[in-house]
Amino acid sequence: MTIDLRKDTGVPLSRQTFNWRELVQTPYSKLDDDAFTRVRVVLMNGIEAEAVNFGHSCARMNQELRRPLAEVRRAEHFQQTLVNWLNPPDQSPLETTIAYEQVAVEVTASVAQNEPDPYLAQVYRFGLLEDFDHLYRYSALMDRLLGKDANNILQSYTDVVPGRPTSEEHRAPSDDLRTSYDAEKAAAVSKMNALTILAAEQQAQNYYMNIGPQHSDPVARQLYAEIAAVKEQHVTQYESIIDPKESWLEKWVLHEATEVYNYYSCMEQETNPRIKTIWEQFLDYELGHLAVARDHFEKHEHRDAAEILPAKLPNPISFDSHRDFIRKVLQREVDLRAVGPEFVASSQVPARNPSSSYRKRLNADGSPSEMVAAGYRMNPGTELSPESKGDGQKERRAR
Amino acid sequence: MKHQTTMGMNRTGVASSPRHAKALYDASKRIKKPSLDGHGIMQVRQAYVNGGELGSVPPPATLKGLGKTFIELLKGERAPVLIDRLCERLSSERSAVRLYDGMLAKYDVMGSWPGGPTREEIEHLRSEELEHFRQLHRELESMGTDPTALTPAADVTSVALMGLPQVISDPRTNLHQCFEAMLIAEQADYGFWEVLANLAVEMRHDEMAGRFHRILAREARHLSLTKSWLVLGVSASAGVRAFGQELSVRPSTDGKRRRTTRKSTKRRSRPRAR
């Protein structure tokens, strides 16, 4: 299937309608579906949430765009509903949290490898090692609070070991701001990458802020508070790589193109046939939204959308285990720290810097992420299980 | 088959992906000094204990019109305990009615299994839960206490049993699986009625204790029925016989309940150890 971002018109908005039965469909199976089906559902919920939030911000600043934005946004809202309601009710908030971190790790790893701009790729690798550590901390929490195995969700695709320690990730705001790409020079894929990862991080922050207080355990409440704070930093980081000189309309077009790109990536790799048809349908819907945004861009800015859109979609996001890449990044870059927009070895961080005093204050009465994972080594079946020999099948036969 | 557990593409265990599992384990092995020491976690948990409480029991709305016995009863330290336990039962019985509503919805689509419940039996249990709820409503009103209040014990039980409606109302669970949830509900019901009946006895409120013991007897029957349906269902789906499942209460056409005896199966030999 070839997509032309500059010409395809997709399904017209007038035909993008839903009823409640269509919106609330049978969820994927937590037990039987592939972990990457869950990863795609979580990611696309974030992408739709970003579309809706952007639409609201844009409408607040642009009188003449309010009506078309409201119309597109209504469809986006229902798309988000349908997608998010694919999460099954037997998946607890903590299990969903593990899935959110798997999204952050594996999708960011794919984006980092697909990013042509070396500085931006570095930004993604930097964030990746932090999300990777969050996964380790939440897995320890799941094991030690509930006696449950995060690998039931991860399905062995993603390592559960420490990354850049979460306790070290707390930075002063000035150390979370990066240098933005130049909209006139940056590749389209760089813009779509930025919006994709921004969306994923923003939804994680929102999610943790909602479900953190639903836990009764003080350790869990502290850990969610701590990691939600880092997600806020990540949102700060990723929005700062986007060129603020892009116009509102340019940003709208790029948002829609990003949604097309993401749905296309999902559709190409989905293993659940029923969910694949949803990705196909929503890809066509997004092409419809892109057509609306493109028309308004050309009408109001008197520019050709081809100036900002590539004819062809970039290589799809790879929904797969990026274990080898992540291990290399971990080995080489775990020691990097941010000083302003740059990344330096921890030994080169100036002795007096705003992040160290900020961190010291936050961790003054202990670090939840350190405490929850003290001495934690992930063992399939939880740390209470007998140590595995590393090959589940052999283990099973041995039993 | 609709009540049976099937074998399929479950991907949650390490054996479903040996190559990835080996890699996962190799990475994990590089972490030195694994420890089960939860000292830090324990310290944080303990530091927060005594930092607050769930809430309180409301005082009686009015003492007007209450008999001398009740006024005496409501004086002193024991009153909030009794009110709390009454409210706990009221809240749980009310929820149990809704759990059985969910069971009926599922029953109508999926039906039962050999030896499983009939619709009338589920309806009967539901109606008894409703009766118990209303009885508690009357008890609380007669004590001048607000039966709509949510008290700490009611809150605790409802949080503890939060997963039950989640299982029963999930369209993907079958009636067997729903009865697993109901077994937990009925176990809890029985246990908490014992607590309340005992409290009424110890507080020398004999009439109330008598009423509660009658309810306790009914709840014992609920529990035994639920258990036997589940045992029979699980045994049937595994193709094995169930032992010792005798009693059932099926409402007769004249409205009176009658006791029926299910043919029990004698144990012929010890099951072989695996």
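The values are calculated or read from the model by the stated rules, or taken from the named source; none is laboratory data. This is a predicted model, so every value here is computed, not measured. Here Cβ is always computed from backbone atoms with ideal geometry, including for glycine, and neighbour counts include all displayed protein chains. Ligands, DNA and RNA are stripped out before the accessible areas are found, and what is left, the full protein with its side chains, is counted by its heavy atoms. Shrake-Rupley method; radii C 1.70, N 1.55, O 1.52, S 1.80 Å.
Before moving on, here are some points about what is shown:
- Cα-based radius of gyration of region A:13-383 once divided by 2.2 N^0.38 Å, which approximates compact folds: 0.97
- C-alpha center-to-center spacing [region A:241-281, region A:176-218] in angstrom: 15
- Across chain A, the relative contact order, built from alpha-carbon pairs under 8 Å that are at least six residues apart, equals 26 percent.
- Total accessible area lost when A and B pair, probe 1.4 Å, Å² to nearest 100: 3500
- Descending by average beta-carbon neighbour count within 10 Å, the peptides B:223-229, A:362-368 line up as B:223-229, A:362-368, the highest first.
- Placing a pseudo-label 7 Å from each Cα along the Cα-to-Cβ vector at residue A:385 and residue B:213 gives an inter-label distance of 5.1 nm.
- Dipole orientation for region A:69-125: of the candidates A:79, A:92, A:105, A:79 has the Cα lying most toward the positive pole (charges on Cβ; Lys, Arg +1; Asp, Glu -1).
- Förster radius 41 Å - calculated FRET efficiency between residue A:57 and residue B:158, Cβ distance, rounded to 0.05: 0.55
- Accessible carbon and sulfur surface of the protein assembly as shown relative to its total accessible area, %, 1.4 Å: 52
- Here the protein assembly as shown is treated as an ellipsoid with the same Cα gyration tensor; its semi-axes, largest first and in whole Å, are 52, 30, 29.
- Magnitude of the charge dipole, the protein assembly as shown, Cβ model with Lys/Arg +1 and Asp/Glu -1, debye to 20: 3200
- Once the Cβ-Cβ distance of residue B:30 and residue A:281 is raised to the sixth power relative to R0 = 35 Å, the FRET efficiency obtained is 0.20.
- A 1.4 Å probe run over the protein chains yields, for region B:65-239, 44 Å² of accessible area per residue, whole-number rounding.
- Neighbouring partner chain Cβ atoms per residue of A:152-160, average, 10 Å criterion: 6
- Links that overshoot a 18 Å alpha carbon limit, given the list A:30/A:148; A:185/A:245; A:185/A:251; A:148/B:22; A:251/A:299; A:30/B:106: A:148/B:22; A:30/B:106
- Label-point separation in nm, residue B:198 to residue B:61, each point 7 Å along Cα→Cβ: 3.2
- Dipole magnitude (debye, nearest 20) for region B:65-239, charges at Cβ of Lys, Arg, Asp, Glu: 100
- Acute angle (nearest 10 degrees) that the helix A:93-114 long axis makes with the longest principal axis of chain A, alpha-carbon atoms: 70
- Relative contact order of region A:1-102, defined on C-alpha pairs under 8 angstrom at six or more residues apart (%): 42
- Using a Förster distance of 22 Å, the FRET efficiency for residue B:78-residue B:137 (Cβ separation, nearest 0.05): 0.55
- Within chain A, helix-based [θ] at 222 nm, where runs of 4 or more DSSP H residues each add -39,500 (n - 2.57), nearest 500: -19500 deg cm²/dmol
- The Rg/Rh ratio for region A:294-387 is 1.19, where Rg is the radius of gyration of the alpha carbons and Rh is the Kirkwood radius.
- Shape analysis of region B:65-239 based on the Cα gyration tensor places the equivalent ellipsoid semi-axes at 34, 15, 13 Å, largest first.
- Legend: mean number of C-beta atoms from other chains within 10 angstrom of residue C-beta atoms, peptide B:4-15, equals 6.
- Rounded to the nearest 20, the size of the Cβ-charge dipole of chain A about its Cα centre is 520 debye, with Lys and Arg at +1 and Asp and Glu at -1.
- Projected label points at residue B:109 and residue A:358, each 7 Å from Cα along the beta carbon direction, are separated by 5.0 nanometres.
- Net length gained if the chain between residue A:15 and residue A:70 were fully extended (0.36 nm per residue, minus Cα distance): 18.3 nm
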